[in-house]
Amino acid sequence: MEEKSPRHARGRERYAKKRHYSKMFIALYVAAAVIVVSIIGGVVSCSINNTKKPTAPTTSQAKKVKKNEQSFKMSIAGDYIIYSAIYDDAKRLASGKGYDFSPMVENLREFTSKCDVNYYNQETVLAAYDGLEPSTYPCFVSPTEAGDAMMDLGYNLVSTATNHTLDGGEQGVLNSCKYWKKQKDVLMTGTFSSQKERDKIRIKKCNGITYTLLDYTYGTNGIPVPDGKDYLVNIWPTNLDINNPEADEEYQAYKKQVKKDIDAVRDKVDFLIVAIHAGVEYMPDESAYQDDMAEFLSKNGVNLMIGTHPHVIEPARYVGDMMCYYSLGNLLCSQYQDENYNKVTSILSTFTVKKTTDKGKVKIKLDDMDNQLLYVYYEQKARNDFHIIPFSNKQIKSYLPKYKQVYNRYKKIFLKLDKTLPFADCAK
């Protein structure tokens with residue numbers, strides 16, 4: 001084998017280096033080209049995907065596309081009736097600076113603080129100002145501080161159409177409406193200051209769920225509504241003398257107005273509530289009118305009916321898909337405490353309003369329901385020291401020694417028509 005000269009060796013070395021650099025250059029060029037092509041391809045791909053029909057989602061993805069769930073927590077409570085004994089005690093608690101009702105209702109906070117929407121029925125007009133003084137049975141006019149205490153607890157949904165709406169005359173209604181208009185984020189309905197206000201659609205929204213409240217009373221204790229001012233209070237009249245809704249022409253005729261009110265909002269809200277102030281006072285069973293109202297409201301797409309006025313607890317049940325509370329009882333009052341304590345016990349219910357949207361269709365369901373029994377304590381002789389005590393609170397033992405007997409009685413009444421409804425335990 002012939003030996004190469006140094007010159008030939010240096011030539012081979014230069015040639016090898018040139019080949020090495022050439023390979024590196026080619027490799028870099030190819031890599032850059034690949035990157036450019038990838039980027040261009042990606043842009044083209046996004047552009048195509050925007051015009052192409054998307055690929056079918058997986059089963060889990062399909063559920064997310066078709067179904068959407070929202071919910072909020074709600075509480076409902078009964079009649080808030082401010083007798084003179086109550087506002088006199090509130091005046092004492094305020095030490096000469098107006099009225100303080102807060103200590104009386106403070107125990108409700110454990111329920112309202114956990115809810116987004118809190119409802120109660122304002123039985124007596126909050127109108128004791130601008131020329132109107134506080135007054136008691138049979139014609140109630142109440143200090144506005146009674147409402148302030150409830151607003152402080154988080155109540156933001158209020159019905160005001162009751163048999164006592166006109167106790168302060170037209171001025172009482174106007175004063176009441178003025179008070180409620182000042183309350184931030186509160187929906188009050190049932191009484192109005194004008195026809196325009198009466199016809200206004202009021203819709204609230206919570207956690208993606210729209211809702212509203214309609215409200216009616218059976219009458220106003222014989223006090224006539226001023227001529228041409230039917231807007232002051234919604235009256236769905238009943239005649240207990242005949243106690244036959246089918247034969248009551250005036251009652252049947254007003255169904256057209258109720259349906260008109262429902263139709264005005266039904267397709268605008270997910271959750272529709274109707275409060276009904278009707279029934280027979282102190283009767284533990286619903287009347288024929290209450291049953292007929294419930295059937296009518298259910299057929300017209302109402303989700304929840306809240307009954308007030310009888311001042312005692314009545315049963316609850318589902319009427320079709322609508323949850324119906326015939327009467328929640330007295331939330332706060334100073335009525336006589338008989339051996340059954342029927343006028344000083346009430347129901348406070350909490351539940352989750354769940355909205356499910358499936359293929360564009362909305363379904364409302366009440367979940368996690370809890371029905372609490374409440375007791376209104378007050379010192380009998382002095383008629384003061386008012387407190388609302390839940391039966392689940394250990395304090396009930398001190399305030400009502402017969403609490404277990406009373407609890408069992410009203411649990412039985414409440415569950416008479418539907419024993420599957422939940423009922424909160426009493427303290428042990």
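Any read-out appearing in this document is the output of simple, stated calculations on the displayed coordinates, not a laboratory observation. Just so you know, these numbers come straight off a predicted model, no measurement behind them. Every residue, glycine as well, gets a Cβ built from its backbone with ideal geometry; the counts of neighbours run over all protein chains shown.
Observations on the model:
- Partners for Lys402 among aspartates and glutamates (Cα-Cα distance below 18 Å; same-chain residues under 8 apart left out): Asp338, Glu339, Glu379, Asp425
- Given +1 at the Cβ of Lys and Arg, -1 at the Cβ of Asp and Glu and no other charges, the dipole of the stretch 72-414 around its Cα centre is 1340 debye to the nearest 20.
- In order along the stretch 219-231, the Karplus-derived 3J(HN,Hα) couplings, from 6.51 cos²θ - 1.76 cosθ + 1.60 at θ = phi - 60°, round to x, 10, 6, x, 6, x, 6, x, 3, x, 10, 4, 5 Hz, and Gly and Pro are given as x.
- Pair Ala382, Asn68: separation of 7 Å Cα→Cβ label points (nm): 5.7
- Cross-link table Lys73/Lys259; Lys255/Lys363; Lys255/Lys299, entries beyond 19 Å C-alpha to C-alpha: Lys73/Lys259; Lys255/Lys363
- Shown for Ser113, Ser102, Ser75: other C-beta atoms within 10 Å of each C-beta, ranked fewest to most, produce the order Ser113, Ser102, Ser75.
- Inter-label distance for Asn340 and Ala264, nm, one decimal - labels placed 7 Å from Cα along Cα-to-Cβ: 3.9
- Residue pairs, from the table Lys114/Lys268; Lys260/Lys419; Lys184/Lys229; Lys355/Lys416; Lys67/Lys114; Lys204/Lys256, whose Cα atoms sit over 32 Å apart: Lys260/Lys419
- Under Karplus coefficients 6.51, -1.76 and 1.60, residue-wise ³J(HN,Hα) of the stretch 74-81 in Hz, glycine/proline x: 9, 10, 9, 9, x, 6, 9, 10
- Ranked for footprinting exposure by Cβ neighbours inside 10 Å, fewest first, Leu213, Leu421 give Leu421, Leu213.
- When the trypsin sites (Lys or Arg not before Pro) in the stretch 248-308 are filtered for DSSP coil states and for at most 15 other beta-carbon atoms within 10 Å of their beta-carbon, the remaining sites are Lys268.
- GluC sites (Glu not before Pro) within the stretch 214-290, DSSP loop, no more than 10 other Cβ atoms inside 10 Å: none
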